[in-house]
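Here the structure is laid out as structure tokens; the discussion comes afterwards.
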Amino acid sequence: MSKAAPPPPPGYGAPEPPKYGVPPPAYQQTQGTYQTNVVVTGATPYLRNMMFREVPVATQCPFCQATITTSTSYETGTITWLVAGILLLIGLWLGCCLIPFCLDGCKDVIHRCPNCNQVVGKYTRM
């Protein structure tokens with residue numbers, strides 16, 4: 001035989017159904033016209049305080065809005081030419097002055113979005 005549940009203590013009745021507030025209307029009618037709240041943001045996104053270095057960076061692409069890890073590539077920059085000029089001046093003119101053009105450590109780093117291939121940032125060594 002099964003036992004019946006005891007009656008609830010005094011003061012406790014059936015639970016009330018949840019009372020949800022009415023959501024605010026999207027449009028408020030004022031004198032026959034509709035008024036909306038609009039937030040306008042800038043059309044050109046930019047990255048604030050983002051530090052680009054030699055390694056790829058996890059960020060959001062300002063062009064395609066995807067969460068990405070940047071792909072890096074190297075290009076000849078000012079420091080590359082400066083080191084090559086110094087090597088040339090100290091007498092390494094027999095091709096040794098071209099060594100900085102072969103080393104990634106002397107070049108600038110370009111960060112690109114792997115989705116849309118846009119330049120997201122640049123790290124210049126000088």
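Read the figures in this text as sums done on the coordinates, not as results from a lab. Since the structure is predicted, the reported quantities are computational estimates derived from the model, not experimental observations. When we count neighbours, we look across all protein chains shown, and the Cβ atoms used for this are built from the backbone with ideal geometry, even at glycine.
Once label points are set 7 Å from the Cα along Cα→Cβ at both Ala4 and Phe101, what is their separation, rounded to one decimal in nm?
Reported label-point gap for Ala4 and Phe101 is 9.9 nm.
Can you classify segment 47-123 as rounded, prolate or oblate using the Cα gyration tensor, where a ≥ b ≥ c are the square roots of its eigenvalues, rounded means a/c under 1.5, and otherwise it's prolate if a/b beats b/c and oblate if not?
The shape class here is prolate.
Please give me, ordered by residue number, the trypsin sites (Lys or Arg not before Pro) of segment 97-126 that lie in loop per DSSP and have at most 15 other Cβ atoms within 10 Å.
When the trypsin sites (Lys or Arg not before Pro) of segment 97-126 are filtered for loop state and at most 15 Cβ neighbours within 10 Å, Arg125 remain.
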